[in-house]
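The structure appears right after this line, and notes come after that.
The values are calculated or read from the model by the stated rules, or taken from the named source; none is laboratory data. This is a predicted model, so every value here is computed, not measured. No Cβ is skipped: glycine too gets one built from the backbone with ideal geometry, and neighbour counts run over all protein chains shown.
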Amino acid sequence: MQAVRSGVDTRVNQLGVMIGQTRWLLNLQEAGEIVSVGTITKVPLTQDWFLGLSNIRGNLISVVDFARFQGHAQTPIDKESRIVAFAPSLSFNSGLLVTRVLGLRNVADMASQPAAEEGGAAWSTQRYLDRDSEIWSQLDLSLVVQDPQFLHVGL
């Protein structure tokens, strides 16, 4: 109640997305536009997780199947699939194919959980447990764009 009286916003909203079978939280400062999956032009001699290039409002972006990038099954493209573009502040014209967008999530309503494993990916920074006992993982896109494996799309 003190926070309400002082005008301080204690909510920490994140964009919730499903990628494969994993629930991820994206910082709203790092997530850009969310668009339906349109035409993706394949690029030869690239990794199987690099789906190709797509035009989003006149901007050419690379599209990555993040589940496949992690070694999981390919993300099927259906009516719920979306591309979440990286925010312009990251200076990286790319987007992630997500199974579906789950809306805003308030991490203040979740319990922090121990990391999944030692030596895990640097971009998976935190895990949370929500009120429905679902595990959410924080995905730091600013660290994804620095991952050498993510940057190396060629075969």
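Worth pointing out:
- Any pair with Cβ under 7 angstrom, 6 or more apart, that starts in segment 55-74 at a residue that is under 18 Å from Asp147 (Cα atoms) and without any contact (Cβ under 8 Å) to a residue 24 or more places away in the chain and ends at one that is assigned to a loop (DSSP other than H, G, I, E, B) and among the polar types (S, T, N, Q): Arg68/Gln74; Arg68/Thr75
- Within segment 119-155, the set of residues being acidic (Asp, Glu) and within 27 Å of Val43 (Cα to Cα) comprises Asp140, Asp147.
- Enumeration of residues in segment 29-55 that are farther than 23 Å from Leu143 by Cβ, at pLDDT 95 or above and part of a loop (DSSP other than H, G, I, E, B): Val37, Thr39, Ile40, Lys42, Val43, Pro44, Leu45
- Options Ala87, Ala108: the member that is over 16 Å from Gln21 (Cβ atoms) and touching a residue at least 60 places away in the same chain (Cβ under 8 Å): Ala108
- Residue that is farthest from Val144 (Cα to Cα), among those in segment 75-99 that are among the small types (Gly, Ala, Ser) and under 15 Å from the mean Cα position of the chain (by Cα): Ser81
- Just one residue in the set Leu102, Leu151, Leu96, Leu139 is under 28 Å from Thr39 (Cβ atoms) and touching a Leu at 6+ places or on another chain (Cβ under 6 Å); that residue is Leu139.
- Answer from Arg131, Arg68 - the residue that is basic (Lys, Arg), modelled with pLDDT of 95 or more and in contact with an Asp or Glu (Cβ under 8 Å, 6 or more places away or on another chain): Arg68
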